[in-house]
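Here is the structure we will look at, set down as structure tokens.
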Amino acid sequence: MRHILSFIFSFLFCCIVVSCNYCGKNAADHEYDVTVLFDRAKAYEADGDAGNAIICYLSVIDLLKEKQDTVLKVSAYTRLGDFHFRYGMYEKAVENHREGYNIARRIEDDRLLCESAARLGMDYMMINQKDTALYFINKYRQVSLAKGLQNVFKDEYGLYSLNPNKDDFTSIVNTVKSDSLGNLKCREELMSLEADFMHEKSLLRKEKAEMSNVVSTASVIFIVGMFSALSVFFYRGRRKAEECLTDAIKESMDRKHFYDTREADLCKQEKQLKERELQLLSDTNICAVTLINRMKSSPTYMPVKTSDEWKSLFLFAETLYPGFSESLEAECDLTERDREICCLMKLGFTTGQMAVFYGISPGSMTKAKFRIQKKIGPDCKSGIFPQMA
């Protein structure tokens, strides 16, 4: 009995040591990951890729959100707020700069508090909340003067020397708006991207929490099972106790495997969605959409002039309907004109529009469509020939 208890306490001590080492290593890994993400965001912004830049900033916030208040956490919220400010999303800038301000206030860092107050003053000025803007501008002046931090904040718009009784905010507001990056469409896309990111992360956190609860429950069952095994060893037999413990561990591993599989499926779906988004936003597909809009709005004779334009239309149809090109190639009896008509029908052009494209009557175009349908056959399930209009 004494040897068994010694083994149990040694095992528990080893688990505690390993857990402490893991926590320390995990914190170091988070700092490295944050640094890498900041560098990537900076590179994306330099390339004008605002979408990937905001994803990097949001990923940093997601890494640090549940961590303790640190200078790095303030820097994360400040950089995200600055990004929103540069792109004219001032309400979002207020939200993140306010979070950085509160953290700086809690950790009593005067330098960060001074910077955050100045940024909040600019944010509230841009959303026309002058009283709140003046409060934070005065807060910035007081802290910078009292602590000798006048040169900490890069005051590009003259906040420190602003006289609210004489100077007007309008000139500063107009200057900031003229310096803003992107347009309304860009801001809306960034807002949508941020909302989708936060929604996906919320779902992942929920699933991870559920998995953590399962693992915690399994750990409790494991520990209880160990001590129960000792009691059962003396009273009811060692074999029965081992069976109970094995069943508990198996159940926990099955649950963990289920959630791991679910998380992998979500990651795969996210990757597929990103790949499809990149395909739809490619230069070739954008040219195809422009051509389609022109053809539908103003049908003319032979609007597709070059083989490259036909290639872009076929590629766009393949992007919208995966497997379309492969099904079309499988039909050996179709002529090049037949393939073109199939592509135009798949992209939603009407019989009248296609008749204009080829300089024939709608009746002749209808006959051509029936001829193609006859070649393909009534049992074809490939979907290359849509419902006739």
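Once the gyration tensor of the Cα atoms in region 174-330 is diagonalised, the equivalent ellipsoid follows with semi-axes of 59, 25, 8 Å, ordered largest first. Take region 190-280, drop everything but the C-alpha atoms, weight them equally and run the Debye formula without solvent; then report log10 I(q)/I(0) at 0.19 Å⁻¹ to two decimals. Here log10 of I(q) over I(0) equals -0.89. With each label point set 7 Å from Cα along the Cα-Cβ vector, what nm distance links residue 217 and residue 337? Inter-label distance under the simple model: 6.9 nm. Mind pulling up the Rg/Rh value for region 251-324? Radius of gyration and Kirkwood radius, both on Cα. Computed over Cα atoms, the ratio is 1.32. Residues 83, 370, arranged from fewest to most other Cβ atoms within 10 angstrom of their Cβ, appear as 370, 83. Loop-located GluC sites (Glu not before Pro) in region 94-141 (DSSP state other than H, G, I, E, B) with a sparse environment of at most 11 neighbouring Cβ atoms within 10 Å: 108.
Exceeding 18 Å between C-alpha atoms, which entries from my cross-link table qualify? They are 206/256; 42/177; 201/268; 92/206; 206/250; 42/208.
Working: 206/256 14 Å; 42/177 22 Å; 201/268 15 Å; 92/206 24 Å; 206/250 23 Å; 42/208 30 Å.
Flagged as over cut-off: 42/177; 92/206; 206/250; 42/208.
All of the numbers you see were taken from the coordinates with simple rules; none came from a lab. Keep in mind it's a predicted model, so treat the numbers as computed, not measured. Quick reminder, even Gly has a Cβ in these numbers, built from the backbone with ideal geometry, and neighbours come from all protein chains shown.
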